[in-house]
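This report refers to the structure that appears directly beneath it.
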């Protein structure tokens, strides 16, 4: 059963039970509302009811507006993921996307190490994990939320519990939130570019409509004339390739993308009609298990 999030007008003083330093008042106009729930999982609305901790069976609804979420991890363990086999408590927030958008999650404060998992389709359905990061307290994470799809945002810990606060920001992530490879693909008539790489299991930094939660290589494409780009990626060792051509880190900046077929190939073609524009070609993967790939790029 879903519980309605109480909405409060900003600025709102946020606090954590036991926090030595409070979040204080926000004057940033980006954050219009805040979501606060108490240390036993219920919303901080003055209600003294003794509800149990939030979990997959009883997530907290999250609105589609820039907010700061403040909470306390307390209770037992009921959710695990492919990263962060945490035996501590967790809180689950549910977002049902009203429109397609990039979503950035950024820790504001934390008393304990945090693991973040974002599961498409809900964590109680065995859905696709879009984000799985054990260093959530150290860095921001982002994913592409597709209109009409439900996402469970799970904040977990290896510790026995503690307070946390994180920002939820809707809109394009900045380019520095993706990892850009040092090699540059240069557009040349009749030219080509070839690259090989191998990945272990892990989380990537780019996301898109064709998938891509695992580690990836994202190359800058230096363009100088109107012409076509052709790219082919072949995966092996379990690597299911995804190709994405975009103009930014944002999933919504994708111009085109292609997922690996049953034979392990992904093929992409695009007409570069705005030379001088920043283009980025990402070799990603359907899953996160890793493996090897080969990339070939050609121009005419």
Are any residues in the range 160-175 crowded, with 16+ Cβ neighbours inside 10 Å and at positive phi, and if so, which ones?
161, 162
Is the range 235-247 home to any residue that is touching a helix residue (DSSP H, G or I) at 6+ places or on another chain (Cβ under 7 Å) and either modelled with pLDDT of 95 or more or under 20 Å from residue 176 (Cβ atoms) (or both)?
yes
Identify, by number, the condition in (1) in the same structural domain as residue 105 (by TED's automatic domain parsing); (2) part of a loop (DSSP other than H, G, I, E, B) that residue 167 doesn't meet.
(2)
Flagged in the range 108-140 as in contact (Cβ under 8 Å) with a residue 60 or more places away in the chain and crowded, with 18+ Cβ neighbours inside 10 Å, in numbering order, are 109, 111, 123, 129, 130, 131, 132, 133
Residue list for the range 176-201, filter: buried (at least 16 other Cβ atoms within 10 Å of the Cβ) and not in a strand (DSSP E or B)
177, 178, 187
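The values are calculated or read from the model by the stated rules, or taken from the named source; none is laboratory data. Source: prediction; values computed, not measured. Here the Cβ is made from the backbone with ideal geometry for all residues, glycine too, and neighbour counts use every protein chain on show.
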